Amino acid sequence: MLKIADKTFSSRLFTGTGKFNSAAQMEAALLASGSELVTVALKRIDLKDTEDDILMHLQHSHIHLLPNTSGVRTAKEAVFAAQLAREAMHTNWIKLEIHPDPKYLMPDPIETLKATEELAKLGFIVLPYIHADPVLCKRLEDAGTAAVMPLGSPIGSNKGLRTIDFLEIIISQSNVPVIIDAGIGSPSDAAKAMEIGADAVLVNTAIAVSGNPAVMAEAFKIAVQAGRMAFEAQLGLIHSQAVASSPLTSFLDD
Amino acid sequence: MEITVNNQAYTIDESCSVAGMLSAVLQISGDGIAVAVNQSIVTRPEWPRHLLRAGDQVMLIRATQGG
């Protein structure tokens, strides 16, 4: 079982709530995914449409909310957003996202480290979204992070694990759970992430924009389970030459 | 007196609390929302006793779809 801070998770597939066509479609996909940790963003209430409340679609006993700080540009704004999220959603868990550049949404490592230090001191369970930077991961551990969430490729790009060499380094030396976030485009990407030893993956776009989000969510669920099983069963070594699987007896020779 | 709520102007009575503004003026329940006045969070237990002043900038936040 995966443990982060005080919570244990039987599902290693975390999901996001963005980009679905409707709340009903989102809810069906989240339930099919089996996910127990689900991200939400913050927004100013639309005073002309005060019935618009995503939370009523997330009220399932197995689903824990993970509010994010998307939209902030600095550590100071992130701390404020985390405090607003805690007020609104009664959780001290926060997905820390500080990505000021709208084109590539690259996380700002300096502001993220500062915010992690401050939020950890304030009692938050901090899950920071970061580049696949092994050095930053160790600095975040020192700052009191509950997990690290390195990216596979840019948010929403569906490009998969372009950072895999660095993800492997992060996984090999991390003392906190490693959740691969961003860019996972297909169940095979998720399986690969789990095979290399990730503790969990966070998937949103690849499910939400697919032709059938509920079925895709289930495909991700199975892929994550398969990848984790493969990791635990220990994959065979990779060789540069053939290694025969059948006995090379010369049974046709005289 | 005038205040703004999420950048929209509202007229409220003198001595209106945050709780009063939410229920009487905006007619929204407080479930799942966070309130900040002039960039400072007003926690739920403070809503009934935190009185608004003319010119206050109120921000109301709730969850939305996001990854």
Restricting attention to the stretch A:185-204, the residues that are of a type outside the set (S, T, N, Q) and in a loop (DSSP other than H, G, I, E, B) number exactly 5
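Does residue B:65 satisfy the condition of being loosely packed, with under 13 Cβ neighbours inside 10 Å, within 27 Å of residue A:54 (Cβ to Cβ) and either more than 11 Å from the chain's Cα centre (by Cα) or among the polar types (S, T, N, Q) (or both)? Give the steps one after another, and end with the answer.
Values: loosely packed, with under 13 Cβ neighbours inside 10 Å: no; within 27 Å of residue A:54 (Cβ to Cβ): yes; either more than 11 Å from the chain's Cα centre (by Cα) or among the polar types (S, T, N, Q) (or both): yes.
Considered against the rule, which asks whether it is loosely packed, with under 13 Cβ neighbours inside 10 Å, within 27 Å of residue A:54 (Cβ to Cβ) and either more than 11 Å from the chain's Cα centre (by Cα) or among the polar types (S, T, N, Q) (or both), residue B:65 comes out as no.
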Of the residues in the stretch A:39-50, those that are closer than 18 Å to residue A:209 by Cα and either more than 10 Å from chain B (Cβ to nearest Cβ) or of a type in the set (S, T, N, Q) (or both) come to A:39
Flagged in the stretch A:21-55 as out of contact with any His (no Cβ under 9 Å at 6 or more places or on another chain) and either among the basic types (Lys, Arg) or open to solvent by less than 20 Å² (accessible area, probe 1.4 Å) (or both), in numbering order, are A:29, A:33, A:39, A:40, A:41, A:43, A:44, A:45, A:48, A:54
When residue A:209 is run through (1) within 27 Å of residue A:1 (Cβ to Cβ); (2) in contact (Cβ under 8 Å) with a residue 40 or more places away in the chain, the failure sits at (1)
Exception for residue B:31 within (1) at pLDDT below 90; (2) farther than 30 Å from residue A:181 by Cα falls at (2)
Checked against (1) at the interface with chain A (Cβ under 7 Å from one of its Cβ atoms); (2) without any contact (Cβ under 8 Å) to a residue 24 or more places away in the chain, residue B:37 satisfies every condition except (1)
The correct count of residues that are open to solvent by 20 Å² or more (accessible area, probe 1.4 Å) and in a strand (DSSP E or B) in the stretch B:18-48 is 2
Note: among A:184, A:238, just one is at pLDDT 95 or above and out of contact with any Cys (no Cβ under 9 Å at 6 or more places or on another chain), namely A:184
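Given the structure, is residue A:214 in contact (Cβ under 8 Å) with a residue 60 or more places away in the chain, touching a strand residue (DSSP E or B) at 6+ places or on another chain (Cβ under 8 Å) and not in a loop (DSSP other than H, G, I, E, B)?
On the way: in contact (Cβ under 8 Å) with a residue 60 or more places away in the chain: yes; touching a strand residue (DSSP E or B) at 6+ places or on another chain (Cβ under 8 Å): no; not in a loop (DSSP other than H, G, I, E, B): yes.
No: the conditions fail for residue A:214.
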Residue count, the stretch A:214-254, condition surrounded by 10 or more Cβ atoms within 10 Å (Cβ to Cβ) and among the aromatic types (Phe, Trp, Tyr), comes to 2
Going through the stretch B:1-17 in order, the residues found to be more than 9 Å from every other protein chain (Cβ to nearest Cβ) and part of a loop (DSSP other than H, G, I, E, B) are B:1, B:12, B:13, B:14, B:15, B:16
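The values are calculated or read from the model by the stated rules, or taken from the named source; none is laboratory data. Quick caveat: nothing in here was measured; it's all calculated off a predicted structure. Virtual Cβ from ideal backbone geometry, glycine too; neighbours counted across all protein chains shown. These accessible areas exclude ligands, DNA and RNA; they are computed on the full protein's heavy atoms, side chains included. Shrake-Rupley method; radii C 1.70, N 1.55, O 1.52, S 1.80 Å.
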